[in-house]
Amino acid sequence: MILEKSAELIYKQGYQATSIDEIIATTAVTKGAFFYHFKNKEDMGLAIINELLYPMFIPYMSKSLNRSGDIRKDLYVMIRDLLLKIPFLQAEYGCPVFNLIHEMAPLNKKYLKALSHIVEEWQDAIEGAIRKAQKEGQLDTTHDPRAIALYISANYGGIRNIGKMSGAASYTPFLKAYKKYIYQLV
């Protein structure tokens, strides 16, 4: 419960703007109970990344990349659903993973490592799905699967940031352009 409430506060306000006192007030636990579970705020933030965000995102990504057997459709639906179908992920707050990357990765090596693990595993899953599609003849082998995985994850992070500024309406033209990109891969 502490992690879930903390994650929600950090998602909406940012890591640095969220104090331990605010977390304690929101969760209605004592300071002693908070510090029983976590040495400090950094420890709690790492637990959010490793125990909430990682298990939320990585299984979803792997499952969505093997949904239909059509790599183009699966890549499109994965991003569309991340943008439009997961109620927790709201346009005005962006993506919790990419928010923490922007806010904490440059400042904290432990956060950088934990967040890199999520993004790299997602990119590995995309790359693996593309390589599989290449073996099946769905995509030409001249495509660089790693470059495509990087392009997709970077575009997702970018549109999530634009969404914080422009709202969910910005997702529609993005998805149209993204779909065009995905379906031009031959």
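Values in this text are rule-based calculations from the coordinates and carry no lab data. Since this is a predicted model, take the numbers as computed values, not measurements. Glycine gets a Cβ as well: all are built from the backbone with ideal geometry, and neighbour counts include every protein chain shown.
Here is how the numbers come out for the structure above:
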{"quantity": "Loop sites in segment 58-149: chymotrypsin sites (Phe, Trp or Tyr not before Pro), DSSP, at most 13 other Cβ within 10 Å", "calculated": "PHE88"}
{"quantity": "Spin-label zone in segment 88-126 - amide nitrogen under 14 Å from a point set 7 Å from the Cα of ILE58 along the C-beta vector", "calculated": "113-126"}
{"quantity": "Rounded FRET efficiency, nearest 0.05, which uses the C-beta distance separating ASP81 from ARG146 and R0 of 25 Å", "calculated": "0.60"}
{"quantity": "Theoretical FRET efficiency, 1/(1+(r/R0)^6), r = Cβ-Cβ of SER68 and PHE35, R0 45 Å, to 0.05", "calculated": "0.40"}
{"quantity": "Debye intensity ratio in log₁₀ form over the Cα atoms of segment 34-84, taken at each q of 0.20, 0.23, 0.31 Å⁻¹", "calculated": "-0.69, -0.79, -1.07"}
{"quantity": "Simple label model, 7 Å out from Cα along Cβ direction - PHE88 to ILE20, nm", "calculated": "2.5 nm"}
{"quantity": "Three principal axis lengths of the chain [C-alpha, angstrom, descending]", "calculated": "59, 31, 28"}
{"quantity": "Euclidean distance between Cα centres, segment 110-186 to segment 1-63, Å", "calculated": "27 Å"}
{"quantity": "Kyte-Doolittle mean at least -0.5 and Cα axial length at least 27 Å: DSSP H helices in the chain", "calculated": "145-166"}
{"quantity": "CD proxy at 222 nm, helix term only [per DSSP H run n ≥ 4: -39500 (n - 2.57); per residue of the chain; nearest 500]", "calculated": "-22500 deg cm²/dmol"}
